[in-house]
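Colleague: Mind having a look at this structure? Questions to follow.
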Amino acid sequence: MAYEESITTGTLLEDWESVAGLRRAYDVLSACALSPAQTADLIQRTLEALPHE
C-alpha cells in the first residue's frame with residue numbers, strides 16, 4: 001500500500017503497479033538526498049548568506 005497526499009486530496013493506493021512505481025520514485029529520491037547533517041549544514045549556510053536587515 002501507498003498513500004499519496006496533495007493540498008486537497010489523499011489517495012490510498014493498493015494495486016501493485018502503482019505502489020511499485022511510487023516505491024521506485026521514493027528510492028531514487030532517497031538515494032539523491034543529502035544526509036541529515038549535510039541538510040542542516042546547507043540550511044545554515046543558506047541562512048547565513050541571506051542579507052541581514
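The values are calculated or read from the model by the stated rules, or taken from the named source; none is laboratory data. The model shown is predicted, which means the values in this text are computed figures rather than measured ones. Counting neighbours? That spans all protein chains shown, and the Cβs are built from the backbone with ideal geometry, glycine included. Each accessible area value is taken on the protein alone, full model and side chains, heavy atoms only, with ligands, DNA and RNA left out. Shrake-Rupley method; radii C 1.70, N 1.55, O 1.52, S 1.80 Å.
Colleague: What pairs come out if I take residues in region 10-26 that are on the phi < 0 side of the Ramachandran plot and pair them with residues that are assigned to a helix (DSSP H, G or I) whose C-beta lies under 8 Å away, six or more apart or interchain?
Modeller: Partner pairs satisfying both residue conditions: L13/V19; L13/L22.
Colleague: If you go through region 38-53, how many residues are open to solvent by 80 Å² or more (accessible area, probe 1.4 Å) and either among the β-branched types (V, I, T) or touching a residue at least 12 places away in the same chain (Cβ under 8 Å) (or both)?
Modeller: Going through region 38-53 one residue at a time, the tally reaches 1.
Colleague: Please count how many residues of region 13-37 are within 18 Å of the chain's Cα centre (by Cα) and open to solvent by 100 Å² or more (accessible area, probe 1.4 Å).
Modeller: Residues in region 13-37 being within 18 Å of the chain's Cα centre (by Cα) and open to solvent by 100 Å² or more (accessible area, probe 1.4 Å): 6 in total.
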